[in-house]
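J.: So that we are looking at the same thing, I have put the structure below in structure tokens.
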Amino acid sequence: MPLFFFPLCFRYVNGHAKKHYEDAQIPMSNHKKTEKQEKVQHTVCMDCSSYSTYCYRCDDFVVNDTKLGLVQKVREHLQNLENSAFTSDRHRKRKLLENSSLNSKLLKVNGSTTALCATGLRNLGNTCFMNAILQSLSNIQQFCCYFKELPAVELRNGKTAGRRTYHTRSQGDNNVSLVEEFRKTLCALWQGSQTAFSPESLFYVVWKIMPNFRGYQQQDAHEFMRYLLDHLHLELQGGFNGVSRSVILQENSSLTASSKCCINGASTVVTAIFGGILQNEVNCLICGTESRKFDPFLDLSLDIPSQFRNKRTKNQENGPMCTLRDCLRSFTDLEELDETELYMCHKCKKKQKSTKKFWIQKLPKVLCLHLKRFHWTAYLRNKVDTYVEFPLRGLDMKCYLLEPENSGPESCLYDLAAVVVHHGSGVGSGHYTAYAAHEGRWFHFNDSTVTLTDEETVVKAKAYILFYVERQAKSGSDKL
């Protein structure tokens with residue numbers, strides 16, 4: 001928990017220093033002493049784990065101190081608490097609880113007792129949206145293994161080597177790496193050395209390069225996932241530490257050239273795993289002219305059909321139940337565009353009524369399906385709380401392909417790897433958790449808490465994001 005107090009924040013804005021108290025000594029380097037100083041009281045907090053201080057008003061970290069050294073005093077006080085007998089006693093009690101929790105997570109596999117090695121992610125302040133996505137991606141084995149096998153990169157050297165770095169917006173972009181912090185986070189998961197890991201370094205980098213996610217407000221998990229994948233893709237394209245990640249990708253024999261789907265330039269592991277291609281087909285209803293366009297995608301956003309939106313839970317279903325097939329059919333069915341979406345026909349040389357249809361030209365190795373549960377009304381963004389039935393294995397995508405005859409018998413079958421669930425009524429509130437399969441067992445990831453679960457519990461979840469992995473081996477499972 002952050003410790004709240006009211007020190008001084010000396011972030012410079014438009015060449016003027018902001019003064020909180022009259023007796024504060026403000027550094028005036030590069031500023032005229034005659035400049036008018038604004039008296040503003042800001043609310044700041046200190047992270048008890050990293051001792052970094054953050055100003056809510058300025059949306060930045062505090063790098064200076066007050067005349068009386070209040071920030072340093074609080075930091076030293078927290079450090080002393082860590083070494084006190086009280087804290088030692090608290091740590092002993094926590095260790096006992098962790099040991100008892102670990103003992104409760106023993107599972108008999110093939111007659112032998114095995115301890116679960118899953119690691120949770122601590123909530124840093126409404127960061128459940130990030131934790132759910134990270135846990136899901138960590139269970140996409142081909143994607144996760146690529147990052148874990150990357151060589152470690154030392155971002156700091158010389159005088160700053162070995163020191164904790166506090167990332168602020170005033171620093172340059174060349175001293176942070178999303179790929180490196182993402183790699184470290186994935187390596188910390190599934191080691192079994194701790195029950196929970198704090199992804200604070202990754203979160204600081206997210207704040208640095210993704211301004212939309214600064215602060216401690218609840219965020220949309222799907223939006224974060226897209227930002228994360230896009231920025232990983234861009235950084236991998238540009239290379240890092242003098243080594244192009246595209247070169248590393250080409251050296252990975254498991255990712256063949258035929259599996260690559262280029263989005264915004266050269267292919268990376270992001271597009272090789274999640275990249276697919278859609279064909280957008282538009283027909284003019286006046287002259288019959290057909291227009292085709294190929295669009296790469298990393299995920300598909302599916303509407304929940306309107307006839308199912310009033311049905312909230314599985315037990316309340318009186319009529320037909322909404323299934324994932326219904327959502328996919330709604331996405332790929334022929335649709336007549338309304339008056340606000342008139343198509344500019346090049347033959348008629350004006351906007352005309354038209355129809356639109358999507359085909360999947362190429363399926364990805366990992367099919368990410370986003371169910372559009374949040375919709376804007378006149379004033380609010382409401383949640384569609386309808387239960388959507390989805391298969392754990394054997395999702396058949398062949399009927400949605402542009403050329404299904406060119407696909408192998410197993411290449412269109414997908415098995416579920418992870419599910420992200422939103423609990424609550426609105427996008428700006430609620431809570432995110434994730435279910436994921438690891439080595440044949442299903443786990444429920446609820447921030448720092450990880451528990452074993454079963455398939456019956458998973459299929460009852462109201463999915464928000466579904467991750468399906470292309471089936472490699474033949475199986476007798478039923479198809480969707």
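J.: Report the accessible area of Asp447, computed with a 1.4 Å probe over the heavy atoms of all protein chains in place, in Å² rounded to the nearest 10.
T.: Approximately 20 Å² for this residue.
J.: For segment 183-225, what is Rg from Cα atoms divided by 2.2 N^0.38 Å, rounded to two decimals?
T.: Dividing the Cα radius of gyration by 2.2 N^0.38 Å gives 1.33.
J.: Now for a separate question. Given H placed on each backbone N at 1.01 Å, which residues far from Phe197 in sequence or on other chains put an amide H within less than 5 Å of it?
T.: Counting only residues 5 or more places away or on other chains, the set is Gly120, Leu121, Arg122.
J.: Amide H to amide H under 5 Å from Met344: which residues, 5+ apart in sequence or cross-chain, H placed 1.01 Å off N in plane?
T.: Here the answer is Gln352, since their amide H atoms fall under 5 Å of that of Met344.
J.: Next up: Please work out whether segment 343-401 counts as rounded, prolate or oblate from its C-alpha gyration tensor, where a ≥ b ≥ c are the square roots of the eigenvalues and a/c under 1.5 means rounded, while otherwise a/b larger than b/c means prolate and anything else oblate?
T.: oblate
J.: Calculate one ³J(HN,Hα) per residue across segment 266-271 by plugging θ = phi - 60° into the Karplus curve 6.51 cos²θ - 1.76 cosθ + 1.60, and present them in order as whole Hz with x for glycine and proline.
T.: 5, 6, 9, 5, 5, 6
J.: With the crude spin-label approximation of a point 7 Å out along Cα→Cβ, what separation in nm comes out for Leu285 versus Glu339?
T.: So the two model labels end up 1.2 nm from each other.
J.: Would you rank Trp442, Trp359 by solvent-accessible area, highest first, keeping every protein chain in place and using a 1.4 Å probe?
T.: Ranked from most to least accessible, the order is Trp359, Trp442.
J.: With every protein chain kept in the model, how would you rank Glu180, Glu336, Glu200, Glu439 by accessible area, 1.4 Å probe, largest at the top?
T.: Glu439, Glu336, Glu200, Glu180
J.: Between Gln72 and Thr377, what's the calculated FRET efficiency when r is the beta-carbon distance and R0 is 45 Å? Round to 0.05.
T.: Using R0 = 45 Å, I get an efficiency of 0.35.
J.: Ordering Tyr387, Tyr227, Tyr379 by accessible area with a probe of 1.4 Å, largest first, what comes out?
T.: Largest to smallest exposure gives the sequence Tyr379, Tyr227, Tyr387.
J.: Tell me, what is the FRET efficiency for Lys398 and Lys148 to the nearest 0.05, using R0 = 35 angstrom and their Cβ-Cβ distance as r?
T.: 0.60
The values are calculated or read from the model by the stated rules, or taken from the named source; none is laboratory data. Model, not experiment: these values are computed from the prediction. Please note: Cβ atoms are built from the backbone with ideal geometry, for glycine as well, and neighbour counts cover all protein chains shown. Remember, those area values only see protein heavy atoms, side chains included, never the ligands or the DNA or RNA. Shrake-Rupley method; radii C 1.70, N 1.55, O 1.52, S 1.80 Å.
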